[in-house]
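Read the figures in this text as sums done on the coordinates, not as results from a lab. These numbers were taken from a predicted model, which means no experiment stands behind them. Cβ atoms come from the backbone with ideal geometry, glycine included; neighbour counts cover every protein chain shown.
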Amino acid sequence: MPKATFNIRLWFAIGSLGSIVLICSAAAFWLNSYLTDSLIDRESQVSQEFLETITAVNGAQMFADDGAAIPHQSEELLDFVKHALNIPGILRVNIYTTTRRILWSTEDKLVGQTFNDNEELDRALGGEIVADMSYLTDANKAEHVALGNVDHYIEAYMPLHGRSEGRPVVAVMEFYRLPLRLDDRLMAGSTAIWSGAVAAALLLFAVLYWIVQRGAQIIERQQRELASVAAFAAVGQMSSAVAHSLRNPMAAIRSSAELARSAAVGKPGHRRRHHARRRPDGFLCA
């Protein structure tokens, strides 16, 4: 049974296409995530700047925690909330004091509660804006209760700084909002990223496959030339062997003929007849 040859075109097509699809998909996924995070972070920074402007006007004392079961909500705080609710797409607003208690919320039953197990709140109290796209099916936090019939939303924790030296964090505003126009931008960006990834993958595969195809054709042509040279060499070797095989018996025949001739020349009658012949010019034959 003949041994199967290695099909370089087939294996290159399978290996390269799989590798290119994997790499381009990973790159497109990363770019899409980076675009989403960048847009959300930018919108959150703009919202924080807007809210800190109101905080500077109304004063940081409106976020003071008096320790009561239901914290006191000053007129300045209610005015702050009124402006905060003007942010488009708002689903819920929670305002935390530095003691981790909710000072005000659009969900009344959350007011006065303390949430100690909240990593995002910890980071926000440290001065970091924390914002990402969340999905209600993945949520298991107590403060996510009664968000309504939405499948995804932006969840952001924005630290609010006072105007005193060092600008300490005086409160954290947590809001949930629908992406609205952000969804359109994310969809357009995602379409552009994935379209570019597909085009790049196809172009890269086509170029690499063309190179391998050309290389395979050159190798095949050289193999055919080597096969022809090998065939000619085999014919030459065969001719040499045949000639050698014929030369040995022919040499034996020649040797036998020479011996027979020598024996015949040595007989007396043959000598006399031989010396009796003369050439036409009168000389004896040698």
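Numerical summary
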{"quantity": "Ile129-Asp151 pseudo-label distance in nm [points 7 Å out on the Cα-to-Cβ vector]", "calculated": "2.8 nm"}
{"quantity": "Cleavage-rule hits, trypsin sites (Lys or Arg not before Pro), segment 154-210, DSSP coil, Cβ neighbours within 10 Å at most 12", "calculated": "Arg163"}
{"quantity": "Contact order normalised by residue count of segment 35-188, Cα under 8 Å, 6+ apart, percent", "calculated": "27 percent"}
{"quantity": "Exposure proxy ranking, count of Cβ atoms within 10 Å, fewest first, for Phe50, Phe6", "calculated": "Phe6, Phe50"}
{"quantity": "Karplus (6.51, -1.76, 1.60) ³J(HN,Hα), θ = phi - 60°, over segment 22-29, in Hz, Gly and Pro reported as x", "calculated": "5, 5, 5, 5, 5, 5, 5, 4"}
{"quantity": "Difference of contour (0.36 nm per residue) and Cα-Cα distance, Arg163 to Ala264", "calculated": "22.3 nm"}
{"quantity": "Restricting segment 2-88 to trypsin sites (Lys or Arg not before Pro) in coil, as DSSP defines it, with at most 11 other Cβ within 10 Å", "calculated": "Lys3"}
{"quantity": "Positive-end residue of Gly196, Ile219, Ser245, charge dipole of the chain with Cβ unit charges", "calculated": "Ser245"}
{"quantity": "His83-Leu180 FRET efficiency (beta carbon distance; Förster radius 30 Å; 0.05 resolution)", "calculated": "0.95"}
{"quantity": "Relative contact order %, the chain, counting alpha carbon pairs below 8 Å whose residues are six or more apart", "calculated": "19 percent"}
{"quantity": "Full-stretch length increase - Gln45, Ser16 - with 0.36 nm per residue and alpha-carbon distance subtracted", "calculated": "6.2 nm"}
{"quantity": "Leu202-Arg100 pseudo-label distance in nm [points 7 Å out on the Cα-to-Cβ vector]", "calculated": "5.4 nm"}
{"quantity": "Length-normalised contact order of segment 1-101 in % [C-alpha pairs under 8 Å, at least 6 apart]", "calculated": "20 percent"}
{"quantity": "Förster radius 35 Å - calculated FRET efficiency between Ala227 and Ala252, Cβ distance, rounded to 0.05", "calculated": "0.35"}
{"quantity": "Sorted by Cβ neighbour density within 10 Å, fewest at the top, the residues Phe63, Phe205", "calculated": "Phe205, Phe63"}
{"quantity": "Residue-by-residue Karplus 3J(HN,Hα) for segment 172-177, coefficients 6.51, -1.76, 1.60, Hz, glycine and proline x", "calculated": "10, 9, 9, 9, 10, 9"}
{"quantity": "Inter-site label distance for Gln73 and Ser239 at 7 Å from Cα along Cβ, in nm", "calculated": "10.9 nm"}
{"quantity": "FRET E, pair Gln213, Tyr34, Förster distance 41 Å, beta-carbon r, rounded to 0.05", "calculated": "0.70"}
{"quantity": "Neighbour-count order for Tyr96, Tyr157, fewest beta carbons within 10 angstrom listed first", "calculated": "Tyr157, Tyr96"}
